[in-house]
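Structure in structure tokens, see below.
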Amino acid sequence: MIAVIGLLLGVAAGLLLDPTVPGWVQPYLPIIVVAALDAVFGALRASLEGEFSDRVFLVSFVSNIAVAAFIVFIGDQLGVGAQLSTGVVVVLAMRIFVNVAAIRRSLFKA
Amino acid sequence: MALALEILGDDGDPGYRLVGRHLPRRPHSVREWTSSFWAILLIAVVGLILGVALAQARARAPEVAAARAELLTRVATLEGQNRQLRGLIDDERLTLTDLQGALLTGDAAAESILARSTSLALTSGYRRAVGPGITVILRDPPSTAQLPPGADPSLARVLDADLQDVVNGLWAAGAEAITINTQRVAATTAIRQAGGAILVGYRPVLAPYRVRAIGGDDLAARFAEQPVTQQLTALGEDYGISVNVLPSTFLTMPGASVPSVVHARLYGDLAPAEPPGG
């Protein structure tokens, strides 16, 4: 419950403050969003299964974002940024689906 | 393979399991308070990222629309310029033929060559053409049209092959110059499908397709004798493609873009050819 309020607060702050994103970050924004979502769903699943740990959440969140951004950066330098972005999004989206399926099983037993 | 299995595996992040197993739970301790503080802070950061991404997408929408509108106007301007230049080419070709005629009068052999060149200029689409003829209008069936059982819905529209058949039928019926919409069809003009569009001479034409042909007042009667007419009737019955043939008393057609000659040389011209670009 508190987590949902925190999430909503963050969204509201992002929308209202409308911070200017520096140009060099913009290509990474979609990847960062997907990586962050992956970390959140992983944490939600862990908390439902009684295994949540703030430390793992923090580390998985930061490392997800860093690795995703780094892969896209390397891809941009090599001229295959679009393909690697797709790869990152596919892998993270699959993880999100797996985690959501586990959350669904925990919540609805189905 | 191991990587794919790990992604598809149902284990979640193994980190949680490891830590969950090894850390003893201490209820109501300071650790729990700091733990939930960090978790909420992180969640708020995630929310912030989502919010920023959302704001970015909303801020960029009008930008994208503006860029699109600008591109559209540029395309329209350049198309206008292109049309103008094509008109200019047609004018120049006319002048060129006039000059040739003025130079070659009085020489019987040269005049017969000139006459041949003039008749070729029509079928090759080298010059503008005017005259009476017919207009064949092909319309795609309405999307609500009921197809007879067994008909493939993806074929229920005018295809490049249909236009090719109509054009060949018109040539066979004695047409001397043909356009599809505004594109002149010459001897070497390709009519083909590219994705959803039909290209005539590598330029897209859109439905309804108006195939105009210059060929005299009796062209309609001669076209009606061509086998393609039965084919068109069948298209109408099977797929609901409507075909109308109308007489046109006066048609004006632009010249076609004539491909430049790359390899062929005139017989008797013995000068060694320069390799292209060199």
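Please go through the range B:149-254 and write out the GluC sites (Glu not before Pro) that DSSP classes as loop and that have at most 16 other C-beta atoms within 10 Å. Show your work: numbers first, answer last.
Working: sites: B:GLU176, B:GLU225, B:GLU237; in loops: B:GLU176, B:GLU225.
Counting only loop positions with at most 16 other Cβ atoms within 10 Å, the GluC sites (Glu not before Pro) in the range B:149-254 are B:GLU225.
Summing -39500 (n - 2.57) over the DSSP H runs of n ≥ 4 in the protein assembly as shown and dividing by its residue number, what mean residue ellipticity at 222 nm do you reach, to the nearest 500 deg cm²/dmol?
After summing the helix terms and dividing by residue count, I get -20500 deg cm²/dmol.
Sorted by packing (mean other beta-carbon atoms within 10 Å per residue), highest first, where do B:206-212, A:18-24, B:153-159, A:34-40 land? Mind dumping the intermediate values first?
Details: B:206-212: 17.6, A:18-24: 10.6, B:153-159: 15.3, A:34-40: 23.4.
Averaged packing, sorted descending, gives the order A:34-40, B:206-212, B:153-159, A:18-24.
Sticking with this one: Hey, how much of the P(r) for the range B:95-140 falls beyond 13 Å, as a percent of Cα pairs?
Looking at the range B:95-140, the distances longer than 13 Å represent 66 percent of pairs.
Follow-up. Find the centroid of the Cα atoms in the range A:55-110 and in the range B:96-125, then give the distance between the two in whole Å.
72
Can you give me the convex hull volume of the Cα atoms of the range A:24-108, divided per residue and expressed in Å³? Don't jump to the answer; show the numbers that get you there.
Details: hull volume 6.1 nm³, N = 85.
So the per-residue Cα hull volume is 72 Å³.
For B:ARG265 and B:ASP107, FRET efficiency with R0 = 25 Å and r from the beta-carbon atoms, rounded to 0.05?
Here the calculated transfer efficiency is 0.55.
Readers should treat all values here as calculations from the given coordinates under stated rules, not as data from a laboratory. Fair warning: this is a prediction, and the values are worked out from it, not measured in the lab. With ideal geometry, Cβ positions are generated from the backbone for all residues, glycine too; neighbour counts draw on all protein chains shown.
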